[in-house]
Amino acid sequence: MKTSLLSSCLLLISSLMPSLARAEDTSPAPAPAPAAIPAPGVLPTAPPADATGTPAATGTATAPPPPATAPPAAGTAPAENPLVPLAAMPAASPQPTGPAFTLEQALDDSAKLNDTTAIATARLSFAIAERTQAKALVLPTISADGSYTNTSYSSRPWGNGPVQSIGGEIDLSMTLFNPSAYPALRGAKIAVYQQQYLSEDLRRQLAYEVTLSYLQAITSERNSAAALQILSVTKESLHESEASAKVGLKSYNDATRAELDVANAQLAYTNDQQAVVAARLSLGDLVGHEVAGALVDPKPAELPTGDEPMMEDLAIRTRPDLQSNVLQIQIEDEAIQTARNLYLPSFGLLAGYADRHYDPYQTLASPGYPAWSVAVTANWTLYDGGSRLGQVDANKALRDQATASEHSARVDLHRDLCTAISNLATQNSSVSQAQVSVHVAQVNANEVKTKYQQGLSTQLDVSDANSELFSAEVNLIGAQLSYASARFQIRSLVGWWPLVVADSSPDSSRLHCGTVK
């Protein structure tokens, strides 16, 4: 009995020696220097060093964070805040298969395979067909008809018997003066130009849908990677808690709490994996095929230079939908003129030539043939019960509506540009704040873990610290997505495509909002 009790004491002392040694080593160590705050838009890549100079084991870091940069000056464009490369985060399982899939490839594939492109093309073809129909009103119409007749009886003097006849006629109808046809034709031509703008804008909006879906897919994968890392941290904590509980250093309640943390982390990781699948399916629907390759971070979207009035002028000159609004007013003006010209008379020309022969093999000509005719026609509607007047008033109302819509679109442009510029600065600050939160959460998680190993904190403290770190990383990923989306939003408002700079404005470092005239 004494031997067994002595053995148990020796085993307990030997298990306590490493903890006492760590406590003695860390107590005289100098306090670590404060870590530098990461630059805006860059996810911290390493946790701060602990008291021994060794990087902490938690977080996503493998290198020290970059030095801080000064915030942008008031009224200037925020500094670029690029997304953190996906390679900086732990890879989520399962890994993407196939070659890398870039945003440029996604835009190119969607332009070729998405049904929106076919819809835009069909609408343009319809407008061209309507222009062709309007043009036919001022062009001549030529028609021809012919007949061949074989009868079994004839009352002609030279005898009864079968008689054959053959004949034909050519008619020409031409509008000499139709005052309503010409403004209608001009309106149809303008409608073709308008539909070209509308079809282009339809394809441009598709490109931005693809861009946002691509960014969302990248964000979902980063959230999944962060959840996977938290899952690995909680599993490590569970292993340590179980080992400590077995030798009597920790309570089994700590191991139970760690086991719950693992279950929660596993659920979060599963939900994020489902979000990855959904995001890739959504992107695949837009590009027209399954997206299996790894997504490549796009470059930060280039922004137009200049203040808000310059950007507004750029949008008016380049945005297809705004150009379409202007053309709609011109179309309604031509419709009004078309209705007014119905009060005037119209003139036309009719011409015809006919010929008919009996017994063609005997070349017997029919009396009165060949024959031709020419006629000039006139048509003037003197009273129609007010139909023309109602048509004029209806087209005036449509013109007023188009004018109001065009002005409303410009007011919306001013408001949306001011909002987008302000939102860009806000999202830039949000990224910086989220980076600081991640840094603080990493430091806190490292300290809590160290205290837990020394017996100065509980497993509940470790769980809370890991949860705060995970939330901070997810918030940073969301802030980066919002920042990238804000940059693309400005490009969309000025009429640019996602990756193509179609125009530029004079250089200026100011970004402010004026008033709409």
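What order do you get for Ile230, Ile477, Ile170 when you list them from fewest to most C-beta neighbours inside 10 Å?
Ile170, Ile477, Ile230
What FRET efficiency comes out for Ser422 versus Asp313 if R0 is 22 angstrom and r is the Cβ-Cβ distance? Round to the nearest 0.05.
Approximately 0.70, to the nearest 0.05.
Dividing the Cα convex hull volume of segment 264-349 by residue count, how many Å³ per residue is that?
Looking at segment 264-349, the number lands at 298 Å³ per residue.
Given the Cα-Cα distance of Ala263 and Asp108 and 0.36 nm per residue of separation, how much length would full extension add, in nm?
Taking 0.36 nm per residue and subtracting the Cα distance, the gain is 51.6 nm.
If packing is taken as the mean number of other Cβ atoms within 10 Å per residue, what is the order of 434-442, 143-151, 310-318, highest first?
Order by mean packing, descending: 434-442, 310-318, 143-151.
What does the highest-first list of 185-197, 242-254 look like by mean Cβ count within 10 Å?
Those peptides, ordered most packed to least, come out 185-197, 242-254.
Read-outs throughout are calculated quantities, based only on the coordinates presented, and are distinct from any laboratory measurement. What you see is a predicted model, and the numbers here were worked out from it, not measured in a lab. Every residue, glycine as well, gets a Cβ built from its backbone with ideal geometry; the counts of neighbours run over all protein chains shown.
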